[in-house]
Amino acid sequence: MKTAIFSTKSYDRKFLEAANTKYNHELLFFEPRLTYDTTALGMGFPCACVFINDLLDKQTLQILASGGTKLIATRSAGFNHIDLNGAAELGMTVVRVPAYSPYAVAEHTIGLILTLNRKIHRAYNRVREGNFSLDGLMGFDLHNRTVGIIGTGKIGLIVAQILKGFGCNLLAYDLYPTPESEGLGIKYVDLPELFTSSDIISLHCPLTPQTQHLIDKEALSLMKPGVMLINTSRGGLIDTQAVIDALKTRKIGYLGLDVYEQESELFFEDLSDEVIEDDIFQRLLTFPNVLITGHQAFFTEEAIANIADTTLSNITEFELGGACANEVRAKPFVARDNSIQ
Ligand code: NAD
C-alpha cells in the first residue's frame, strides 16, 4: 500500500525498510511532523503513517481524506493525537501498535526512579570534574518504601513486578483491577489513599478526558511531603504549573518525566542551538531534583523492531480485508468526575 510516513527519523527508516522486505509496501518517508501545514505531503496516499507528535485534528484529517487517505497507521500505542470521532465521520480507519515492548518503558521508569533517588546524574558530572564529595547525594532504600502505580496495564504491571524485586510495598489504582496484579501482592486502593500513602507515584494510564490533569493542585495537596512523582505515560496527565508550585514548596521531592504536555514543540529534535521559548519547561529544568528525558522510554531495539513490524502488518491486514485487529475506535465521551477517585 502506498504509505506516507511522517516524522521519520533515521532509525524509523532503517527499521521500517528492514521489516518491509516481508510486506512490500510502497513507503515514502517524510521528515516533517504531520500537522495542518504539512498535510499536502500526504495527499494521494491511501495510508498516512504517523507518530505521537503528529497532530491529526479534524481539519487535517479532512484534507487527507479529500486526497484519498483511508487508513491512519500510528506507530504508537497511544492515540490521543488523533481525532477518532473525526476519522470515523470521514470513514477512515485508525490502527495502532498496542504493545511493542512494555519492558522498554517499564525499565526506563525504574531508571528514572533510581537515578533521581541516588542522584546518579549529578554524581556522574561531579566525578568527571574530580569532585568526590558526597554532600547532597544521599538517597533512600527502595526496600520497604510504598509505590503507588496508577494504571496497571501492560507497562504498570511490569513496573510493579520489578519494584516487587526491590522489596517495595505496592499500591495501585485502575478502573479495571486485574487478578494478575492482585496475585503479585498489589493492593488496589482509591486515588486519595494512593496519593496520601505513597512515597513514589508512577503514572501508567492513558491520557483521556478523565485523566487529563489527573495530577493537579488538589491531588498534589494530598501527597506526602517529599514525594517522588514519575510520569512516563503522557504529559497531559500532569498540570505542569501545579507541579512547579509543588516543587517550590518542597511538596514534590523528586520529579522524573519522560513526557511533557507541550512536548510536540520540543521533543525528538536537536534544539541545542535554538532559544527555547517555553518558560514552563525552562523553569522545570532549573530544579536540581527534576530529571527529564525526551520521550525515550520506548526507545529500545526490540521496541522499534516490533513497532515497524506491527505497523506494516496492520497496513497489510487493512489492505487485504479492510479490517484490522489493532483498529482503534472512538468511545462515547464521559466527563471527568471532579471528585478524586
Ligand atoms: P495499557 O492499555 O496496557 O494499560 C493502561 C491501563 O490504564 C489499563 O489497565 C487501564 O484500565 C488503565 N486506565 C485507563 N483509564 C484509567 C483511569 N482513568 N484511571 C486509572 N487507570 C486507567 O497501556 P500500556 O501499554 O501499559 O501503556 C500505558 C501508557 O504508557 C500509554 O497510554 C501511553 O500513553 C504510555 N506510553 C508511553 C511510552 C513512552 O515512550 N514514554 C511508550 C508507550 C506507552
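FYI, it's all coordinate maths here, none of it is from the lab. Treat the numbers as computed from the prediction; the structure is a model and nothing was measured. Don't worry about glycine lacking a Cβ; one is built from the backbone with ideal geometry, like all the others, and counts go over all protein chains shown.
Ranked by the mean number of other Cβ atoms within 10 Å of their residues, highest first, the peptides 116-127, 149-160 fall in the order 149-160, 116-127. Computing Rg and the Kirkwood Rh from the Cα coordinates of the chain gives a ratio, Rg/Rh, of 0.98.
Centre-to-centre, using Cα atoms only, region 13-66 and region 72-147 are separated by 26 Å.
Using just its DSSP H runs of length 4 or more, each adding -39500 (n - 2.57), the chain gives a mean residue ellipticity at 222 nm of -10500 deg cm²/dmol after division by all residues. I want the local charge near Phe29. Using Cβ-Cβ distances under 15 Å, sum +1 for each Lys or Arg and -1 for each Asp or Glu among the other residues. Around Phe29, the surrounding residues sum to +1. Only Cα pairs under 8 Å and 6+ residues apart enter the sum, and on that basis the relative contact order of the chain stands at 18 percent.
Along the Cα→Cβ direction, 7 angstrom out, place labels at Val275 and Glu89. What is the inter-label distance in nm? Taking the simple label geometry, Val275 and Glu89 are separated by 3.9 nm. Legend: calculated FRET efficiency, Lys58 to Lys22, from the Cβ-Cβ distance at R0 = 35 Å, rounded to 0.05, equals 0.50. Per-peptide packing, taken as the mean over residues of other Cβ atoms within 10 Å, places 23-29, 213-219 in the sequence 213-219, 23-29 from highest down.
If you sort the three axes of the alpha carbon gyration tensor as a ≥ b ≥ c, you get a/c of 1.5 or more for region 150-307 and a/b no higher than b/c, which makes it oblate.
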